[in-house]
Amino acid sequence: MPSATRAGAYLTVDLHAVRANYRHLRALGGVECGAVLKADAYGLGMAPVAAALVAEGCRTFFTAHLDEGIRLRTLLPAGTTIYVMHGAMPGAARDCLAHDLVPVLNDPGQLEEWRALARETGRVLPAALQFDTGMARMGLAGADVERLRQDPAWLDGLRPQLVMSHLACADEALHPINAHQRQRFDAVRALFPGVPGSLANSSGVFLGPAFHHDLLRPGAALYGIHPQPGGVNPLAQAVSLAARVVQLRSIDAGDIVGYGARYVAPGPRRIATIAIGYADGWLRALSGRSYAYVDGVAVPFVGTVSMDSITLDVTGVPDERVAPGQSVDLLCAQQTVDDVAAQAGTIGYEVLTRLGSRFHREYIGL
């Protein structure tokens, strides 16, 4: 990690906010609350976020990939459960077992490989079963459900300890597919009496008790992403980002700024160049559409976002506030992750998970 002196930008992660969001979600659901730490805890840092959530009482975690689960296992105390949502790639089931990870079985091939390992080791192996209830992305299909109805021995050697599915439109509370998926999930769950069920992702937690079942599995909501866009976000923003000025200059009317000559100065302007760009995850789509903030005052992006730098129109801002080495804010009280996502035409998930490795990182509440 770059030192504070040498870094061009600073990312601050508020672990108090992560813990507060976890408490809010757990209280709202009234059932066990897990945590999704895939993609390095959505870009915030798996190790410090895991420690904060363990301190808050979380004991069930999810990753996407097997290697993420292997890393997370080294960070968690005994007695915690880690589910690998992609299951194990062909030939990697033994690694799941060796690192005390529970694969989420999404198709018959994964199920058969996990059963084969159970036979080979003479053990009954734990598993989560994911069912496709209408998203057509991952999960056992309708034909697989029928096979399970007709042939319960298909699960011999396995101990299902979670039945799960994933909502496609949970961030749209009134979307009819939410109820459709819940009904299909409840029908599948009936095949596994006594086995906990999990349907509610971050936005699903806010759909009400009918979606909560036995285990919530929020991801983005833990980090402050708005779970139901359109209203007031009930969650605390967990990140702030500031970038340092590299250069300050004056330009005249007609001068161009940046690649492609997409900005032409309408008059004399003051331009500050800051040390952050799309290589750091600050999307090129933000060119001419986003802002930085100096003491709470917006200064617009001008020109094209470059790999390592962005140019700002700081006309009227005191020079001493945007001199080389000074910082401007990109994620702050005036501009949230969701605001930046809207400017870029994407979602907050992408903004967070793109955050790069060149920032100096500081953790509050570590």
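Looking only at segment 61-79, which residues are open to solvent by 10 Å² or more (accessible area, probe 1.4 Å) and more than 15 Å from the chain's Cα centre (by Cα)? The answer is Leu66, Asp67, Ile70, Arg71, Arg73, Thr74, Leu75, Leu76, Pro77, Ala78, Gly79. Taking (1) assigned to a helix (DSSP H, G or I); (2) closer than 30 Å to Gly122 by Cα; (3) open to solvent by less than 50 Å² (accessible area, probe 1.4 Å) in turn, Asn178 satisfies each apart from (2). From the set of residues in segment 6-24 that are in contact with a Leu (Cβ under 6 Å, 6 or more places away or on another chain) and β-branched (Val, Ile, Thr), which is surrounded by the fewest Cβ atoms within 10 Å (Cβ to Cβ)? Among residues in segment 6-24 that are in contact with a Leu (Cβ under 6 Å, 6 or more places away or on another chain) and β-branched (Val, Ile, Thr), the one surrounded by the fewest Cβ atoms within 10 Å (Cβ to Cβ) is Val13.
Checking Ser250, Ser240 one by one, the residue that is part of a strand (DSSP E or B), open to solvent by 10 Å² or more (accessible area, probe 1.4 Å) and farther than 26 Å from Gly281 by Cβ is Ser250 and no other. Picking from residues in segment 305-316 that are open to solvent by 10 Å² or more (accessible area, probe 1.4 Å) and part of a loop (DSSP other than H, G, I, E, B), the one that is nearest to Pro266 (Cα to Cα) is Thr315. Taking the listed residues Ala51, Ala118, Ala35, Ala41, the one that is of a type in the set (A, V, I, L, M) and open to solvent by 20 Å² or more (accessible area, probe 1.4 Å) is Ala51, with no other qualifying. Restricting the search to segment 122-160, which residues are within 30 Å of His175 (Cα to Cα) and part of a loop (DSSP other than H, G, I, E, B)? Hits for segment 122-160 are Asp132, Thr133, Gly134, Met135, Ala136, Arg137, Met138, Gly139, Ala141. Residues of segment 4-22 that are closer than 30 Å to Arg217 by Cβ and in a strand (DSSP E or B): Leu11, Thr12, Val13, Asp14. Within the bounds of segment 265-276, is there any residue that is within 29 Å of Gly219 (Cα to Cα) and either open to solvent by 10 Å² or more (accessible area, probe 1.4 Å) or in a helix (DSSP H, G or I) (or both)? For segment 265-276, residues within 29 Å of Gly219 (Cα to Cα) and either open to solvent by 10 Å² or more (accessible area, probe 1.4 Å) or in a helix (DSSP H, G or I) (or both): absent. Applying a threshold of 7 Å to beta carbon distances and a minimum spacing of six or more residues, or different chains, the list of pairs starting in segment 337-355 at a residue that is open to solvent by less than 20 Å² (accessible area, probe 1.4 Å) and ending at one that is hydroxyl-bearing (Ser, Thr, Tyr) and not in a loop (DSSP other than H, G, I, E, B) reads Leu352/Tyr42; Leu352/Tyr223.
Annotation: Thr121 fulfils all but one of (1) closer than 17 Å to Leu162 by Cβ; (2) over 19 Å from the mean Cα position of the chain (by Cα); the unmet one is (1). Among the residues of segment 199-237, those that are on the phi > 0 side of the Ramachandran plot and buried (at least 21 other Cβ atoms within 10 Å of the Cβ) comprise His213, Gly224. Taking the conditions (1) surrounded by 12 or more Cβ atoms within 10 Å (Cβ to Cβ); (2) under 29 Å from Asp95 (Cα atoms) in turn, Val124 satisfies each one other than (1). Within segment 199-225, residues that are under 10 Å from Ala170 (Cα atoms) sit with their Cβ atoms under 7 Å from residues that are acidic (Asp, Glu) and assigned to a loop (DSSP other than H, G, I, E, B), at 6+ positions apart or across chains, in these pairs: Ser203/Asp171. Does segment 321-334 include one or more residues that are farther than 20 Å from Val305 by Cα and surrounded by 15 or more Cβ atoms within 10 Å (Cβ to Cβ)? Yes, segment 321-334 has at least one match. Screening Thr12, Thr63 for residues that are of a type in the set (Ser, Thr, Tyr), modelled with pLDDT of 95 or more and more than 30 Å from Glu113 (Cα to Cα) leaves exactly one candidate, Thr12.
If you check Ala27, Ala98, Ala88, Ala92 for being over 19 Å from Tyr363 (Cβ atoms), open to solvent by 10 Å² or more (accessible area, probe 1.4 Å) and at pLDDT below 95, only one passes: Ala88. Put simply, of Gly79, Gly87 the only residue that is outside any helix (DSSP H, G or I) and farther than 26 Å from Met138 by Cβ is Gly79.
Only residues that are open to solvent by 10 Å² or more (accessible area, probe 1.4 Å), closer than 19 Å to Thr353 by Cα and part of a loop (DSSP other than H, G, I, E, B): list them for segment 277-304, please. Correct list: Leu283 only.
The values are calculated or read from the model by the stated rules, or taken from the named source; none is laboratory data. None of these values were measured; they are calculated from a predicted model. As a convention, Cβ positions derive from the backbone with ideal geometry for all residues, glycine included, and neighbour counts pool all protein chains shown. Keep in mind that these areas ignore ligands, DNA and RNA; they rest on the heavy atoms of the full protein, side chains included. Shrake-Rupley method; radii C 1.70, N 1.55, O 1.52, S 1.80 Å.
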